[in-house]
1. In the chain, what percentage of the DSSP-assigned beta bridges are antiparallel, given to the nearest 5?
2. Any idea how far apart residue 372 and residue 71 come out in nm if each label point goes 7 Å out from Cα toward Cβ?
3. When a/c is below 1.5 the answer is rounded, else prolate if a/b is larger than b/c, else oblate, so apply that to the chain with a ≥ b ≥ c taken from the square roots of the Cα gyration tensor eigenvalues.
4. Dipole of the chain (Lys/Arg Cβ +1, Asp/Glu Cβ -1, origin at the Cα centre): which of 268, 362, 290 lies farthest to the positive side?
5. So with the 1.4 Å probe, I'd like the accessible area per residue for the range 149-193, rounded to whole Å².
6. With the cut-off at 1.5 for a/c, could you classify the range 481-565 from its C-alpha gyration tensor as rounded, prolate or oblate?
7. Would you mind getting the accessible area per residue of the range 197-282, heavy atoms of the protein chains only, 1.4 Å probe, in Å²?
8. Given the Cα-Cα distance of residue 143 and residue 250 and 0.36 nm per residue of separation, how much length would full extension add, in nm?
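The values are calculated or read from the model by the stated rules, or taken from the named source; none is laboratory data. A quick note: this is a predicted structure, and the numbers were derived from the prediction, not measured. So basically every Cβ, Gly included, is an ideal-geometry build from the backbone, and we count neighbours across all protein chains shown. Each accessible area value is taken on the protein alone, full model and side chains, heavy atoms only, with ligands, DNA and RNA left out. Shrake-Rupley method; radii C 1.70, N 1.55, O 1.52, S 1.80 Å.
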Amino acid sequence: MKLTSGLAVVALAAATLAPSAAAAAPVPPTQLVTDWIGTQLTDGVALGSFGADVGLSIDAGLALDATGRSADAARVADAIAGRLVSSPTNPYGYVQSDEYDSDPPYDFTQIGHYVNATAKAAAFTQRIGRDAATAYAAVNLVDQLEDLTDDTTGVVGDDSSFGDYANTIGQAFAAEALTVAGSPEASDATAALLAQQCPAGYFRFDLDAAACAADATGVAPDTTGLAVLSLLESGNTSPEVTAAIAEATAWLESVQRADGSLEGDSSTPGANSNSTGLAGWALGRAGRQASAAKAAAWVRSLQVADAGACASRAPTGAIAYNAADLTAARVDGIAGNATVRDTWRRASFQAAPALLWAPAASTSLGVSAPVTAVEKSTVTVTVRGVAAGEQACVSFGSDARRVVGTGSDLAVAFTLPAGAAAHTFTVATLGGTTTATTSATAVPAVPPAVPPAAPMVGDLDVSRTEKVRKNRFKVDLTCESAQPCFGKLTVSTAGKVRLGKAKKVVTVARRSYAIAPGAEKKLVLTLTKPARKLLARGTVKVKAVQTASGARRAVTTFRLKAAKG
């Protein structure tokens, strides 16, 4: 639904469970929104940038009447009486207005008669139980509506020097008002309305649309919802009307998203509360309860109900146009920006009746938390009794979380601080608060682990010269550590030696070992073939290197010579 209005266009675990002993009875979402609507009316009318906005005031009256606030709706009807027709004190009448040439010297042109406004005012007057022909001394709304309805086609149109801005919404209100009034033109007006319904089931917005779209995807449901409401309010139960309502509501269900929302048209893209609210209202009135409940829950998720630690600057009870608007208003409010405030009012006035079908919570408000937990651990709190779409605030200390009800239990996780203490978790709605407590225990102090001693290699005990017999020689290793000694013993020439044509360090022998703490071990090492050749020449100076992962490297130098005999 477009958000414009004016003379020409009609605008529309083991746990502790705390029952909600501290909570009052849940506040119905319709009461919240209609209470806020009341704050937006000054002496019964909604004021805009140019004074009283009669079309928007009627939107408020329609919402108040639909939600049972009949006395408040009647005050709106009384307040608009002096603003329907131009007068010395009201130069711009809603259904009739003096029109002047737009060029100098701005001569009077004619009295303009506007059918969308006339039909909407007449339908509203009838819905609150008054006679649209006699309710206002300044104008007979039924007579004017008949004058603006074509005697042959039943199509409505403006009588204005500004042009004709009639549309299907005005046609729907006209069909409703003329039918309720018992007008002889009611049948033709209703037939003209039904002619605007496309094969897919939706009603097109423009009366002069050449043809219905081949693909109904994305067509705004606002016009369709308002057409269904007017057909239902008219009381016409003819087969044609009954079939049209069935086809239109089936189409609304077909474009409803899984979350219950409906999208606007190309000028208002994305899911929004206007489209969803009007569609939900129509679905509910037509008996499509399940679909209406889904739409109502989604609309309710955009209704401001910031309680407890989640209180914000957004106006309690009002309905945001979309999620982005709700987020912004919580920070900035809406009072300081006329355009923003106007968007909120139009969304709230048009979506309010859909909340009649908002599901109630299946149980009273409650919260449960583990009886005990360990400090610094993650604790999951379970919240019960928050209705689908209802706003609630779950808080722990300075950590406050907004949650939206699903009709089922909600799980919210918090991290406990250090230390043994009793911790309180609070759940708040506008109906009251309830709490649960977890006792945290401190984690016992654990002495620091003694790091293992560094690995040790054995203590090598050799003579200055060791004798080699049958290509073997022996060395003694002692483990003087409190833990086993282990490693690899590599014996090589102490420097480069000539072997063949080249000089190089020659590996003499190598062996791994492990020795128990305090024990001694004799290792037998076997010479490599190159070492045997060296030893055949005479005494060889060698270097024994002991290595082990993480241990200090040990080096011992001695000599090897061949034993005689």
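1. Around 90 percent antiparallel, to the nearest 5.
2. Taking the two extended label points, one gets 5.8 nm.
3. The shape class here is prolate.
4. Final value for the positive-end residue is 362.
5. 36 Å²
6. Verdict is prolate for the range 481-565.
7. So the range 197-282 comes to 38 Å² accessible per residue, rounded to a whole number.
8. In short, 35.0 nm is gained.
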